[in-house]
1. If Leu82 satisfies every condition in (1) without any contact (Cβ under 8 Å) to a residue 60 or more places away in the chain; (2) farther than 15 Å from Gly141 by Cα but one, which is the exception?
2. Among the residues of the stretch 145-169, which ones are among the hydroxyl-bearing types (Ser, Thr, Tyr) and either touching a Ser or Thr at 6+ places or on another chain (Cβ under 7 Å) or assigned to a helix (DSSP H, G or I) (or both)?
3. If I ask for residues that are crowded, with 20+ Cβ neighbours inside 10 Å, at pLDDT below 95 and not in a loop (DSSP other than H, G, I, E, B), which ones from the stretch 97-131 would you list?
4. Read through the list (1) over 19 Å from Val42 (Cα atoms); (2) surrounded by fewer than 16 Cβ atoms within 10 Å (Cβ to Cβ), then give the number of the only condition that Gly168 fails.
5. Any idea how many residues of the stretch 71-107 are aromatic (Phe, Trp, Tyr) and under 12 Å from the mean Cα position of the chain (by Cα)?
6. Under 8 Å by Cβ, and 6 or more places apart or on different chains, what pairs join a residue from the stretch 132-144 that is part of a helix (DSSP H, G or I) with one that is not acidic (Asp, Glu)?
7. What single numbered condition from (1) outside any loop (DSSP other than H, G, I, E, B); (2) surrounded by 16 or more Cβ atoms within 10 Å (Cβ to Cβ); (3) of a type outside the set (D, E, K, R) fails to hold for Ser92?
8. What's the number of the only condition in (1) under 24 Å from Leu30 (Cα atoms); (2) out of contact with any Leu (no Cβ under 8 Å at 6 or more places or on another chain); (3) of a type in the set (Gly, Ala, Ser) that Ser129 fails to meet?
Amino acid sequence: MFFLATLTFGFAALATISWALEPRGVGRPLAPPPELHSDAVVQVYGADVWGVRGRFAIHTWIATKAPGADHYRKYQVIGWRLRRGQPVVSISTGNPDGDWFGSKPKLLLEKRGEVAAELIDAIHEAALSYPFADEYVMWPGPNSNSFTAWIGLEVPDLGLELPTKAIGKSWMLASYGSHR
């Protein structure tokens with residue numbers, strides 16, 4: 001009986017993990033398709049983190065598309081990269097508004113056109129100059145929200161104000177002056 005119960009719960013756990021890691025579409029896209037939208041775009045997203053922590057915490061990232069570009073560039077911090085000997089800062093191209101481990105993203109800020117175009121280089125430079133690229137602490141920071149807050153502080157014209165669930169933003173606000 002014990003063996004049967006263990007086997008049943010093991011399969012249930014495996015099915016849950018498989019479902020959580022399965023890529024999913026976002027339904028209605030939040031980002032305009034680059035092939036149909038030639039203007040510059042800057043968007044900041046947030047999505048609930050995986051599991052119970054998602055009730056009180058989000059993961060944030062920034063996506064940019066230069067004028068005339070055929071792709072988006074996505075800026076974020078991913079903590080598990082550190083365990084693989086990589087910097088936590090991830091700058092990649094591709095889907096800017098995809099799910100974060102099963103959680104649908106919410107658009108937190110958007111700039112388009114000339115206003116966005118004027119911000120893109122500064123966002124890129126801020127991401128490259130992030131002083132905690134080799135550190136990650138879930139709480140209080142530095143974490144993904146500390147990174148997004150860093151970019152907001154380095155690029156004040158972005159006008160970024162992260163929500164309360166962006167745990168780690170306050171750590172950056174308190175630490176900012178000593179790391180410039």
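1. With respect to (1) without any contact (Cβ under 8 Å) to a residue 60 or more places away in the chain; (2) farther than 15 Å from Gly141 by Cα, Leu82 is out only on (2).
2. Within the stretch 145-169, the subset among the hydroxyl-bearing types (Ser, Thr, Tyr) is 146, 148, 164.
Of everything in the stretch 145-169, those that are among the hydroxyl-bearing types (Ser, Thr, Tyr) and either touching a Ser or Thr at 6+ places or on another chain (Cβ under 7 Å) or assigned to a helix (DSSP H, G or I) (or both) turn out to be Ser146, Thr148.
3. Passing the criteria: only Trp100.
4. Among (1) over 19 Å from Val42 (Cα atoms); (2) surrounded by fewer than 16 Cβ atoms within 10 Å (Cβ to Cβ), the lone unmet condition for Gly168 is (2).
5. Going through the stretch 71-107 one residue at a time, the tally reaches 3.
6. Ser144/His59; Ser144/Thr60; Ser144/Trp61; Ser144/Gln76; Ser144/Val77; Ser144/Ile78; Ser144/Gly79; Ser144/Gly168
7. All conditions are met except number (2).
8. Failing condition for Ser129: (1).
The values are calculated or read from the model by the stated rules, or taken from the named source; none is laboratory data. Keep in mind the model is a prediction, meaning the values are calculated, not measured. So basically every Cβ, Gly included, is an ideal-geometry build from the backbone, and we count neighbours across all protein chains shown.
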